[in-house]
Amino acid sequence: MSDRIRALLTRRRATLLTVAVLLCLPPFYLDAFWLRIGLFSMAAAIGAVGLALLSGTAGQLSLGHAFFLAVGAYGYTWLAGDPGPGLPTALAVPLAVLMAGLAGGLFSPVAGRVKGIYLGIATLALVFLGHHVLLTAESVTGGFNGRSVPPLSLGGFTFDTGDELTVLGVPFGAEERLWFLGLALFALTWFTARGLLRSRPGRALAALRDSETAAAVMGVDVARHRSAAFVVSSMYAGLAGVLLALAFRRVVPDYFGLVLSVDYLAMIVIGGLGSVAGATAGAVFVTALPLLMTRYADQLPLVAAPGSAEGAVGPTEAARYLYGAAIVLVLLYAPDGLHGLTRRARDRLRRRRTPTTTQDTVVPSPPPPAAAARPKEHTP
């Protein structure tokens, strides 16, 4: 391994360590509002990464992401709650993720044979079907009013405010405890998704996105890889649903509607299709913007505070206008999203830092060696 590669790996490890330390600091300095924004953003990032693998890498359009988020959220609530099996919450989390994967597996034959807008319309049916089930299956979902979410408990440690906990003089409530759980789940999502993209199945999905015919000629099983991508995406959505349920502490059917699926599409378009980092950036932007505008609505022009007179533009509507405009700008001027803009800016900065060669610094090349002396030929 060359010295340059060693230096690059060392710099990446140092960067990851620095980022990990910085992400662990907010619970010690920020109040509950900012921690909730971080929790919702981490949950959205997990789901957006799953949708980016399906739409950005495999090239499959899905409008049913909210359905699999609901399966994860309600699956955990039912498995760990009463009425329900009342399983240990540590066991209910992976089972809820598997339930979302099973739901994706049941739909995967359709995803393996349908593509483009036709798959989008087919997955759209899942959202309406799921919303109807959530409203009518009251014994499982609680109906219109939803259900309270049991707090997660791992090894006797509960992610709730039930018992007092102080760390370095800072009282740790539910938000502070869930922050580190969200970080762990997001780190798991980040590294598994990046590993999948760099693996042979990830390269096969990328080839499938670029040209289905060429991928089939190279030996890629088109239907199988599409189905597998749909199942993996649904499992990521299920994990995001579990974290959302723990952060909200109550799940209601109206949250898991078509608008949520459109929000996730906006996340991956704004962040950059097919990129884990881009999906994360888009998720933070789309999730945090309405919450911030709601808090500072009285200080923003043309935005009315929540509960104002009818006809005024509320913070939620204003936020949707803004990231709708962001989608248009991205499609027109930066098709690869925020991730592409950041990459180009980093490359441009790196080129500026690279020293250029000028005439004063050019090392003159050595003169060609003189020809060996030969005796003068005798002229007759």
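Look at (1) at pLDDT 85 or above; (2) open to solvent by 60 Å² or more (accessible area, probe 1.4 Å) and you find that residue 156 fails only one, number (1).
Here's the yes/no breakdown for (1) of a type in the set (A, V, I, L, M, F, W, C); (2) part of a helix (DSSP H, G or I); (3) closer than 21 Å to residue 339 by Cα:
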position	(1), (2), (3)
36	no, yes, no
40	yes, yes, yes
70	yes, yes, no
92	yes, yes, no
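You will find that of 181, 197, the residue that is in a helix (DSSP H, G or I), under 19 Å from residue 96 (Cα atoms), of a type outside the set (Ser, Thr, Tyr) and open to solvent by less than 70 Å² (accessible area, probe 1.4 Å) is 181 and no other.
Among 269, 276, 259, which is the only one that is farther than 13 Å from residue 326 by Cβ and open to solvent by 20 Å² or more (accessible area, probe 1.4 Å)?
Values: 269 fails: farther than 13 Å from residue 326 by Cβ; 276 fails: open to solvent by 20 Å² or more (accessible area, probe 1.4 Å).
The match here is 259.
A Cβ distance below 6 Å, combined with a sequence gap of six or more or placement on separate chains, defines the contacts here; from the range 11-31, residues that are open to solvent by less than 70 Å² (accessible area, probe 1.4 Å) reach residues that are aromatic (Phe, Trp, Tyr) in the pairs 27/179.
Name the helices (runs of 4 or more DSSP H) wholly inside the range 211-272 in which the number of residues that are of a type in the set (D, E, K, R) and within 28 Å of residue 176 (Cα to Cα) is 3 or more. Walk me through how you get there before you give the answer.
Details: elements: 212-217, 222-248, 258-271.
Here the list is empty.
As a summary of the residue check, residue 60 satisfies the conditions (1) in a helix (DSSP H, G or I); (2) touching a residue at least 60 places away in the same chain (Cβ under 8 Å) except for the one numbered (1). Restricting the range 86-101 to residues that are surrounded by fewer than 16 Cβ atoms within 10 Å (Cβ to Cβ) and touching a residue at least 24 places away in the same chain (Cβ under 8 Å), the residue that is farthest from residue 72 (Cα to Cα) is 88.
When residue 104 is tested against (1) modelled with pLDDT of 90 or more; (2) outside any helix (DSSP H, G or I); (3) of a type outside the set (A, V, I, L, M), only condition (2) is not met. Here residue 83 clears all of (1) open to solvent by 30 Å² or more (accessible area, probe 1.4 Å); (2) assigned to a helix (DSSP H, G or I) except the condition numbered (2).
The values are calculated or read from the model by the stated rules, or taken from the named source; none is laboratory data. Note that the coordinates shown come from a computational prediction; the quantities given were computed from them, not determined experimentally. Backbone-built Cβ (ideal geometry, glycine too); neighbour counts: all protein chains shown. Remember, those area values only see protein heavy atoms, side chains included, never the ligands or the DNA or RNA. Shrake-Rupley method; radii C 1.70, N 1.55, O 1.52, S 1.80 Å.
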